[in-house]
Amino acid sequence: MTYQNVLIVSNLIGSARATEVYKKAASRFDEDAKELFVTQTERKYVEDLAAKHAGFDLVVGVGGGVAVDVAKFIGARSKARVIAFPTIISTDCIFTSSTAVREGGTVKYIPSKKPDELIVEYDLLLEAPYRLNVCGWGDILSIHTALWDWKLSADETGEKYDEEVAAQARDILSKACRVDNKEGLATLIECLRCEVDLCDGFGNSRPEEGSEHLFVYSLENHLKQSYPHGELVALGIHEMSKLQKNDVNKICRVMDDLELPYKTKDTGIYASMTKEVITGLPAYVKKHKFFYSVVNKLDSKRVRKPRTNQG
Ligand SMILES: [Zn+2]
């Protein structure tokens with residue numbers, strides 16, 4: 001089937017290398033296709049883009065998570081076919097049916113659509129710096145901290161917990177491997193697909209999204225430049241697993257083996273900023289009414305202290 005109106009959404013802009021990758025990927029599509037370059041996901045901005053770019057019957061997201069997520073959003077509004085053509089694997093958005101947008105200092109997931117097709121070109125993916133693909137494991141390794149938070153919530157608030165789902169999530173987590181070859185990348189992509197299916201089947205992303213993501217959503221307010229999602233998640237996993245006292249060495253060993261940067265000094269994010277974000281997390285979580293997690297324990301510690309002092 002040929003498409004009359006094709007829109008290519010991409011975040012590959014700003015360097016000669018990005019443009020080169022974009023041209024390679026976009027050459028697969030109609031040369032009359034309209035091009036749209038996006039670098040941010042503020043809700044208003046994305047909504048305006050979707051209103052301005054209506055009437056396409058094929059929308060292709062070429063590049064990283066931002067491009068794919070925005071393509072899903074515009075495509076869903078136009079009831080168009082959506083193709084995800086990632087040039088790095090840095091998030092699970094190639095499989096999810098919603099788009100993460102930023103609004104009011106936090107992240108909201110707006111229903112959009114699961115891509116109708118996923119193009120995986122291993123040669124192109126392997127041309128990307130290793131760091132930009134390995135961070136795709138962030139949305140899998142987050143299972144480590146997310147399950148801990150979920151269980152805590154089940155014990156303390158009575159939230160529904162499913163051990164069978166947790167076991168399946170742990171199984172996906174155990175498959176983490178290096179991504180410097182086709183097999184490794186294929187494993188990562190398959191794990192992301194399984195993780196999204198598991199969450200969809202369960203009904204929410206509790207098995208995969210915990211306090212490490214809350215940390216990321218808050219941290220992003222402090223950053224002047226955008227970072228690959230998975231890399232921020234890795235930093236969050238490290239910081240939150242320490243707060244949880246949750247097998248920190250074990251998860252760090254996995255990230256070390258993968259060469260996935262997770263320490264402040266490796267990610268280029270100041271330790272002082274990380275500290276500030278963690279200090280502010282209880283208020284942030286309360287303000288945005290996020291789910292129960294280890295962050296609530298920080299809050300209760302802080303609240304309880306004055307009471308003890310007062311006797
Ligand atoms: Zn994520």
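The values are calculated or read from the model by the stated rules, or taken from the named source; none is laboratory data. Owing to the predicted nature of the structure, the values given are computational and were not obtained by experimental measurement. Quick reminder, even Gly has a Cβ in these numbers, built from the backbone with ideal geometry, and neighbours come from all protein chains shown.
What single numbered condition from (1) within 16 Å of the ligand (Cβ to nearest atom); (2) surrounded by fewer than 16 Cβ atoms within 10 Å (Cβ to Cβ); (3) not basic (Lys, Arg) fails to hold for GLY201?
Unmet condition: (1).
As an exercise: evaluate SER226 against (1) part of a helix (DSSP H, G or I); (2) closer than 15 Å to THR106 by Cα; (3) over 12 Å from the mean Cα position of the chain (by Cα) and give the number of the one condition it does not meet.
Just one mismatch for SER226, condition (1).
Yes or no: the range 28-51 includes at least one residue that is within 16 Å of the ligand (Cβ to nearest atom), buried (at least 20 other Cβ atoms within 10 Å of the Cβ), in the same structural domain as GLU117 (by TED's automatic domain parsing) and under 16 Å from the mean Cα position of the chain (by Cα).
So the first thing to find is which residues in the range 28-51 are within 16 Å of the ligand (Cβ to nearest atom), and the list is 41.
Of the ones still in play, those that are also buried (at least 20 other Cβ atoms within 10 Å of the Cβ) are 41.
Restricting the remaining residues to those that are in the same structural domain as GLU117 (by TED's automatic domain parsing) gives 41.
Okay, now just the ones that are also under 16 Å from the mean Cα position of the chain (by Cα), so 41.
Yes, the conditions are met somewhere in the range 28-51.
Quick grid of which residues meet (1) in a loop (DSSP other than H, G, I, E, B); (2) over 17 Å from TYR3 (Cα atoms):
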| position | (1), (2) |
| --- | --- |
| PHE29 | yes, no |
| VAL46 | no, yes |
| ALA51 | no, yes |
| ALA54 | yes, no |
| VAL60 | no, no |
| ASP69 | no, yes |
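Return only the number of the condition from (1) over 30 Å from LYS224 (Cβ atoms); (2) surrounded by fewer than 21 Cβ atoms within 10 Å (Cβ to Cβ); (3) more than 22 Å from the chain's Cα centre (by Cα) that ALA16 does not satisfy.
With (1) over 30 Å from LYS224 (Cβ atoms); (2) surrounded by fewer than 21 Cβ atoms within 10 Å (Cβ to Cβ); (3) more than 22 Å from the chain's Cα centre (by Cα) applied to ALA16, the lone miss is (1).
Can you tell me which residue is nearest to the ligand (Cβ to nearest atom) among those in the range 126-151 that are part of a helix (DSSP H, G or I) and touching a Ser or Thr at 6+ places or on another chain (Cβ under 7 Å)? If you could, list the steps in order and put the result at the bottom.
Step one: list which residues in the range 126-151 are part of a helix (DSSP H, G or I), which gives 126-127, 130-151.
With touching a Ser or Thr at 6+ places or on another chain (Cβ under 7 Å) added as a condition, the list becomes 132, 135-136, 139, 144-145, 149.
On the way: LEU132: 15, CYS135: 10, GLY136: 10, ASP139: 4, HIS144: 13, THR145: 12, ASP149: 14 Å.
Filtering first and then ranking leaves ASP139.
So for the range 196-203 (the condition being modelled with pLDDT of 95 or more, touching a helix residue (DSSP H, G or I) at 6+ places or on another chain (Cβ under 8 Å) and β-branched (Val, Ile, Thr)), does at least one residue qualify?
no
I'd like the full set of residues that are β-branched (Val, Ile, Thr) and within 13 Å of the ligand (Cβ to nearest atom), limited to the range 69-95. Please lay out each step first, then the result.
Within the range 69-95, the subset β-branched (Val, Ile, Thr) is 70, 74, 82-83, 87-89, 91, 94.
Scanning the range 69-95 gives ILE89, THR91, ILE94.
Right, LYS114: of a type in the set (D, E, K, R) and not in a helix (DSSP H, G or I) or not? Show your work before the answer.
Values: of a type in the set (D, E, K, R): yes; not in a helix (DSSP H, G or I): yes.
For LYS114, the condition - of a type in the set (D, E, K, R) and not in a helix (DSSP H, G or I) - is met.
What's the number of the condition LYS175 fails, among (1) modelled with pLDDT of 95 or more; (2) surrounded by fewer than 22 Cβ atoms within 10 Å (Cβ to Cβ); (3) part of a helix (DSSP H, G or I)?
(3)
Considering only the range 258-293, state which residues are within 20 Å of the chain's Cα centre (by Cα), part of a helix (DSSP H, G or I) and of a type in the set (A, V, I, L, M, F, W, C).
We begin by selecting, within the range 258-293, every residue within 20 Å of the chain's Cα centre (by Cα); these are 258-264, 266-269, 274, 277-278, 281, 284-285, 288-293.
Those still in the list that are part of a helix (DSSP H, G or I) too: 258, 264, 266-267, 274, 277-278, 281, 284-285.
Within the range 258-293, LEU258, VAL277, ILE278, LEU281, VAL285 meet the criteria.
If we keep just the residues of the range 212-249 that are away from the ligand (no atom under 15 Å from the Cβ) and in contact (Cβ under 8 Å) with a residue 40 or more places away in the chain, which is surrounded by the most Cβ atoms within 10 Å (Cβ to Cβ)?
Top of the filtered list is SER241.
So which pairs qualify, if the first residue must be in the range 286-311 and farther than 16 Å from ASP155 by Cβ, the second must be among the charged types (D, E, K, R) and modelled with pLDDT under 95, the Cβ gap must be under 8 Å, and the two must be at least 6 apart or on different chains?
The qualifying pairs are LYS286/ASP299.
Mind telling me which of the residues GLU212, GLU220 ends up being part of a helix (DSSP H, G or I) and over 17 Å from CYS252 (Cα atoms)? Before the answer, list the steps.
Numbers: GLU212 fails: over 17 Å from CYS252 (Cα atoms).
Among GLU212, GLU220, only GLU220 is part of a helix (DSSP H, G or I) and over 17 Å from CYS252 (Cα atoms).
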